[in-house]
Structure formats: structure tokens, C-alpha cells
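Let me begin by presenting the structure, written as C-alpha cells, before commenting on it.
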Amino acid sequence: MGDASTGPGTPAPGGAPRGRLRRRWIALAGIVVVGIVAAVAVWGVAGYLAYDQLSTVHTGCASREFAAQTPADFEAYDGDHSLTVDTAPYRFTDYTDVAFPSRDPSLTIRGWYAPGPGGVAAPTVIVVHGRDSCRRDPVVMLPAAMLHRAGFGVLLIDLRNHGDSDSDNGRWAGGAKEYRDVLGAWDWLVAQGADPVRIGLFGASLGAGTATIATGEEPRVAATFADSSYYSFDVASSEYTESQGYPAWVVPAGILVGRLLGETELGSRDPASEIVRLAGRPFDIVHGLSDTTILPHNAVELAAAAYAAGTSVEPWIIPGAEHTQGMLLRPGDYEARLVAFFRGALGDPTVR
């Protein structure tokens, strides 16, 4: 005879029949699996929405108030015109339209080139805008004009997916691919006969981060001036996302989703990983103390990393200035610092 204790109705230890206990465990496992699948689905959807918001170039300049500005007629102001600068003394007409390949040769980058009085031999600064903007933005037009007034050549460019330059997918990668557009501009100047030791970079906002990445990737970039740069792409993205009312955890989800969807370089390079390659080259930092877009601690961390890489930087953190507002709030001081920095790094443009 069989052992009656093994029968289907036999209670398991604790009093519940074995079959019933098994069914309970199966049901519990099913609930856990459904919960995991639901959580992954929520995570994925939130990640896609974060990626879409973070990386999409919504206008690239086309619908911006300054979309038709040129160096000959530009105005400089912040978003609500509470800060303005008289640009009449800065406007210039000696610029030409130029086009050249990015270091991704399938893409054409377009811009304006205005040589200094010394022609192509004059020290020249490549000027880089931020996300969802273009070379017509006052926050790059004004510093370019300040430099040109002092005798520097300037090359204002539109990054890929922005302004008049070619588009690859209509998305921004945090500078991790756009830096090759900046270096395409650098290559073009060298091909025109410019001396690499007299070519510098200026960037504002995410353009500053892109310029910093380009500096790390190209050891012949002579000097870089970063206005309102981020230090860590991941940290700055999380802080910006939180400032827009979303939880910070959606950022790593968004980066992963973006990479899975084909933007493989999204966030793969940032100033934190590139500035360690300065090797003593001149670098300057400006940031607004009231910046809520890219928080001012980024300037402090960037300066510390530059110092560790052999370049001593005392960042100018401007009280009362929001994102990229320093040039509008303190234009005279800003111009003096900007011109002095590039004069010291690239040479005096009045000396031939």
C-alpha cells in the first residue's frame, strides 16, 4: 500500500494542502512577473519620453525671435528683454557665408566667417551655440562681435541639426557627436592657412560643453572659453530634468533608450571626461550664480578638473546672472575678460 501522506489532499506542514500551496506560489510568482513587466514598461515609456524631450532639436532656430539676425543688424537681449545691450558699436558687415564638411564628412556645416584685419593670419575664434539655437543667437553673436571689434577673426557656425547646417537625425547628442562639427570648422580654418596656435574656441551653454569636448579630442586646439558649460552630462541632465518637474531617474532610462534606438553616442562624451586632456592649454570659465538651467556647481567642478590637468582657472561666477546672462548683465567686464583671455592665449590681433 502507498504512503497515505503523499496523497493530493494531505496537509503540508502548517496545515495547507500541498496542491493549494503550490497554486498560491504560482499565483504569487505570476503577480511578481506581471509587476516586473509593468515596471519595465513604465520605465521604458518614461525613458523614451525623456529621450525625446532631451534630445529633440525642436526648432534649431527657425521659430526663434532672432532667426533672421545677422552680424550687420543683430540685437542682444535675454528671453523677456529685461536685459539688453546696445549692439550698435558691435555690428559688423565684413563677413561671408562659408560651408565645409564636419569631421563626419557626409554632413555640411554652414556659418559666417569674418577675418581680422590681419586676414587669415590673425588669431581667430570659432563660436559655438547651444541646443535648439544657432549662430544667430544673441548669446553667441554678442561675444563674437566683441572679439571681432578687438581685431580677432571669428567663425560662427551652425551645428548639425541646427540652423542652416545639414541634419543627420534631428537630435542632439549632448556634444558627443557635435564636437566633430566644431573640429570640421577648425580643419577648414587650417586649410585656409590659419596657424593652429592662433585658433581658439568659444561656446555658450551646451555649445560650451561641445567646445570643451572638441578641445579634449583635438590636442592642437589652442584655447577655449566656456560660458555656462555643464561638467557631467548625466548630472546636468538629471538636474535639468528635475527643474522641469520630472524625476531624475528618467535620465538614465532615456539615455539607454536613445542608444537602443540608434543614437549610440548620446552622452558618451562630456567635459568631465575631456577636460583632463587639457595638458596646460588655456581655458576660461564664466557662469551665472543664479543659473537654474545648468547649476553653477558645474563651473567649480570644471575649474577643479582643469587645474588637475595643468591649467589654473579662476571661474568668474556672476551674481544675479541666470543662464548665459553674464554678457548681458555685465557687458563691459565680460568683453574685457573675453578679449584679454584670447589675446593672452592666441596673441595680440593688432600685431602682425
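Odds and ends about this structure:
- With the simple model of a label 7 Å out from the Cα in the direction of the Cβ, Ser312 to Thr350 spans 2.8 nm.
- A DSSP coil position with no more than 12 other Cβ atoms inside 10 Å describes the following trypsin sites (Lys or Arg not before Pro) in the stretch 180-237: Arg220.
- Length gained when the stretch His297-Ala248 is fully extended (0.36 nm per residue, less Cα-Cα span): 15.9 nm
- Summarising the amide proton neighbourhood of Gly200: residues at separation of 5 or more, or on other chains, whose placed amide H is nearer than 5 Å comprise Thr124, Val125, Ile126.
- Label-to-label distance for Arg149 and Asp52 is 4.5 nm, based on points extended 7 Å past Cα in the beta-carbon direction.
- Placing pseudo-labels 7 Å out from each Cα toward the beta carbon at Arg24 and Ser167 gives an inter-label distance of 5.9 nm.
- Local net charge near Gly209, Cβ-Cβ under 11 Å (Lys/Arg +1, Asp/Glu -1): -2
- The spacing between the stretch 145-198 and the stretch 270-295, judged by their C-alpha centroids, is 18 Å.
- Identified option (computed mean projected area of the Cα convex hull in nm²; candidates (1) 19.2; (2) 16.9; (3) 24.3): (3)
- Stretchable slack from Ala336 to Thr93, in nm (0.36 nm times residue separation minus alpha-carbon distance): 85.2 nm
- Considered as an equivalent ellipsoid built on the Cα gyration tensor, the stretch 53-138 has semi-axes of 23, 22, 10 Å, the largest given first.
- Toward the positive end of the charge dipole of the stretch 281-352, with +1 on the Cβ of Lys and Arg and -1 on the Cβ of Asp and Glu, the farthest Cα among Asn298, Ala336, Thr350 is that of Thr350.
- Count Lys and Arg as plus one, Asp and Glu as minus one, and take only other residues whose Cβ is under 15 Å from that of Arg337; the net charge is then -2.
- The ellipsoid that matches the Cα gyration tensor of the stretch 216-352 has semi-axes, each √(5λ) in whole angstrom, of 29, 20, 12, with the longest given first.
- Gain upon complete extension [Val190, Thr264; 0.36 nm per residue less C-alpha separation]: 23.7 nm
All of the numbers you see were taken from the coordinates with simple rules; none came from a lab. What you see is a predicted model; the values in this text were computed from it and never measured. All Cβ positions, glycine included, derive from the backbone under ideal geometry; neighbour counts span all protein chains shown.
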